[in-house]
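Asker: Here it is: the structure, laid out below.
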Amino acid sequence: MAANNRRMSGKKGAQVGSGGQRRKGLEGKGPTPPAEMRKKHKKNRIATAKAKQAARRPAPRGRGGKGTSEMVVGRNPVVEALREGVPASTLYVQQFIDNDERVREALQLAAERGGINLMEAPRPELDRMTNGLNHQGLVLQVPPYEYAHPEDLAEAAADAGEDPLIVALDGVTDPRNLGAVVRSVSAFGGHGVVVPERRAAGMTAGAWKTSAGTAARTPVARATNLTRALEAYKKAGIVVVGLAADGEAELGELEALAGPVVIVVGSEGKGLSRLVGETCDHRVRIPMPGGAESLNAGVAAGIVLYEAARRRV
């Protein structure tokens, strides 16, 4: 009879034997996600449509060609890339993701910057996109970098009424070194960086981060053949200076740094390649009283750029 009374009761609230399950429904579920992430919301439909259009639309090609697209994977790397202003086209967020501080910051940074599509995707799709890497529910797509042509750098200097100050990298394969060189070129008023198309570092997310945002205003050109690009610079009246531990002159003795110049920096281990070294008008060394055998590309380029900037002032 008692059981029958419970079934017939019109009282609201938890029933006997519910274990308080209804109380759990009253607990908070965390911050409301941005409108772009909420299904059936107008902004979500707009963001999805833009992402599909971007995927179909061919991107304009620079004179120096394009790099390849890249995926930044994992919560910390994605947040760091967004903080440093690394270019991004789409932020993929796993469905039903645990909403911690890093996820919230990534969504906030992407929304504040604008132009980044927010896409929700199931975990299997993110696993497929990242080839099974530990993405932790966040994947940032970095679009291909648009490289300039080596001639563009000299033309930009001429348009500004300045003598060209360009750095070329020979055999430098660490993107962080490339980013450091870009930062130094920007700091000392240079007009850009030239890298070979093959067996060399390119403008990856790591290079962008190391450049501390200066890659947005300092062009990087890609040369199919670095030796021929240097020869073209020489024909245009630009002096080519190569850094070498056994260089014939010391850096402080080189008057050519006061005029149009291309500074060629080799790899830390091998230095300049034979053909590039033979193409240089001058081979100079940086005096190192401390006895170090070599400097990495970023440091070496910074020292020479400072000397060039000092002479030009």
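Asker: What number goes with the only condition from (1) over 20 Å from residue 259 (Cα atoms); (2) at pLDDT below 95; (3) surrounded by fewer than 21 Cβ atoms within 10 Å (Cβ to Cβ) that residue 227 does not pass?
Answerer: Unmet condition: (2).
Asker: Can you tell me which residue is most open to solvent (accessible area, probe 1.4 Å) among those in the range 94-118 that are within 25 Å of residue 203 (Cα to Cα) and of a type in the set (A, V, I, L, M, F, W, C)?
Answerer: The residue in question is 111.
Asker: While we're looking at this one, here's another question. Given the structure, is residue 261 touching a residue at least 24 places away in the same chain (Cβ under 8 Å), closer than 23 Å to residue 313 by Cα and in contact with a Cys (Cβ under 6 Å, 6 or more places away or on another chain)?
Answerer: no
Asker: Under 8 Å between Cβ atoms, at least 6 apart or on separate chains: pull out the pairs that start in the range 205-222 with a residue that is under 13 Å from residue 72 (Cα atoms) and end on any residue that is open to solvent by 10 Å² or more (accessible area, probe 1.4 Å) and assigned to a strand (DSSP E or B).
Answerer: Between residues of the range 205-222 that are under 13 Å from residue 72 (Cα atoms) and residues that are open to solvent by 10 Å² or more (accessible area, probe 1.4 Å) and assigned to a strand (DSSP E or B), the close pairs are 205/70; 205/72.
Asker: Would you please list the contacts, defined by Cβ atoms under 7 Å and residues six or more apart or on different chains, that run from a residue in the range 97-116 that is more than 12 Å from residue 137 (Cβ to Cβ) to a residue that is open to solvent by 60 Å² or more (accessible area, probe 1.4 Å) and part of a helix (DSSP H, G or I)?
Answerer: Correct list of pairs: 109/83.
Asker: Moving on. Looking at (1) farther than 27 Å from residue 224 by Cα; (2) within 21 Å of the chain's Cα centre (by Cα); (3) assigned to a loop (DSSP other than H, G, I, E, B), find the lone condition where residue 132 falls short.
Answerer: Among (1) farther than 27 Å from residue 224 by Cα; (2) within 21 Å of the chain's Cα centre (by Cα); (3) assigned to a loop (DSSP other than H, G, I, E, B), the lone unmet condition for residue 132 is (2).
Asker: Against the definition (surrounded by fewer than 18 Cβ atoms within 10 Å (Cβ to Cβ) and either modelled with pLDDT under 95 or assigned to a helix (DSSP H, G or I) (or both)), how does residue 126 come out, yes or no?
Answerer: Judged against the criteria, residue 126 is not a match.
Asker: For residue 267, work out the one condition from (1) touching a Gly at 6+ places or on another chain (Cβ under 6 Å); (2) open to solvent by less than 10 Å² (accessible area, probe 1.4 Å); (3) of a type in the set (Gly, Ala, Ser) it doesn't fulfil.
Answerer: All conditions are met except number (2).
Asker: Under the condition of being more than 28 Å from the chain's Cα centre (by Cα) and within 25 Å of residue 175 (Cβ to Cβ), which residue from the range 281-313 is surrounded by the most Cβ atoms within 10 Å (Cβ to Cβ)?
Answerer: Here the residue is 286.
Conditions (1) surrounded by fewer than 24 Cβ atoms within 10 Å (Cβ to Cβ); (2) closer than 19 Å to residue 68 by Cβ; (3) not aromatic (Phe, Trp, Tyr), marked per residue:
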| site | (1), (2), (3) |
| --- | --- |
| 166 | no, no, yes |
| 170 | no, no, yes |
| 173 | yes, yes, yes |
| 182 | no, yes, yes |
| 188 | yes, no, no |
| 193 | no, yes, yes |
| 198 | yes, yes, yes |
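Asker: Taking the conditions exactly as written (surrounded by fewer than 19 Cβ atoms within 10 Å (Cβ to Cβ) and in contact with a strand residue (DSSP E or B) (Cβ under 8 Å, 6 or more places away or on another chain)), does residue 234 satisfy them or not?
Answerer: yes
Asker: Of the residues in the range 141-179, how many are in a loop (DSSP other than H, G, I, E, B), small (Gly, Ala, Ser) and in contact with a helix residue (DSSP H, G or I) (Cβ under 6 Å, 6 or more places away or on another chain)?
Answerer: 0
Asker: In the range 129-164, which residues are open to solvent by less than 20 Å² (accessible area, probe 1.4 Å), under 19 Å from residue 235 (Cα atoms) and not aliphatic (A, V, I, L, M)?
Answerer: If the condition is that a residue be open to solvent by less than 20 Å² (accessible area, probe 1.4 Å), under 19 Å from residue 235 (Cα atoms) and not aliphatic (A, V, I, L, M), then 150, 164 are the ones that fit.
The values are calculated or read from the model by the stated rules, or taken from the named source; none is laboratory data. Computed from a predicted model, the values in this text were never measured in an experiment. In this analysis, Cβ positions are derived from the backbone assuming ideal geometry, glycine residues included, and neighbour counts consider all displayed protein chains. Protein only, heavy atoms only, side chains kept; ligands, DNA and RNA dropped before computing areas. Shrake-Rupley method; radii C 1.70, N 1.55, O 1.52, S 1.80 Å.
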